[in-house]
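Laboratory data are not the source of any read-out in this text; all were calculated from the coordinates shown. Given the structure is predicted, the values throughout are model-derived calculations rather than measurements. Because the Cβ atoms are built from the backbone with ideal geometry, glycine has one as well, and the counts that use them run over all protein chains shown.
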């Protein structure tokens, strides 16, 4: 699979994921919790892309090709998550601070302590999102690429 095909597969997963997540998120009414609809959207988008790119994925080792796609997808998710949190930075910071104040005594904390806590929360959330892309993307691409080639493509 050429590098341009890998990039196209990652972009396809991202676009399908965003559209599916938007459609599935409409009837939901949730606050800051990470919702199941995002996970389902990711899995379904990876299944679709795996099915569409099944022939190209089988050109070389399936595991290697899927690995390339999910690693680049994880890299894209890392930037997407960080940019997303930067866009809502005051609200995200307030959310992190409020959650932590409710669970721990922070009366003697300095600004450096709060900064470190917010960076830890950002790193944790970014890592969780990347791990979800790696795991669900791999599963979806692998299952989607299992289709049997038709007699015409042999």
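Centre-to-centre, using Cα atoms only, segment 71-141 and segment 34-48 are separated by 20 Å.
Against the chain, whose longest principal axis comes from its Cα atoms, helix 3-25 is set at around 60 degrees.
Place a label point 7 angstrom from the Cα of residue 35 along the Cα-to-Cβ direction, then list the residues of segment 121-137 whose backbone nitrogen is under 18 Å away. Within reach of a label on residue 35: 129.
Over 18 Å, how big is the tail of the calculated P(r) for segment 68-130, in percent of all Cα pairs? List each step's numbers first, then the result.
Numbers: 825 of 1953 pairs.
That tail contains 42 percent of the Cα-Cα pairs.
Normalised by the number of residues in segment 1-91, the average gap of Cα pairs under 8 Å and 6 or more apart makes the relative contact order 40 percent. Take every Cα pair under 8 Å whose residues are at least 6 apart in sequence, average their separation, divide by the length of segment 3-153, and the relative contact order is 42 percent. Restricting the calculation to Cα atoms, segment 3-153 yields a radius of gyration followed by a Dmax of 18.9, 71 Å.
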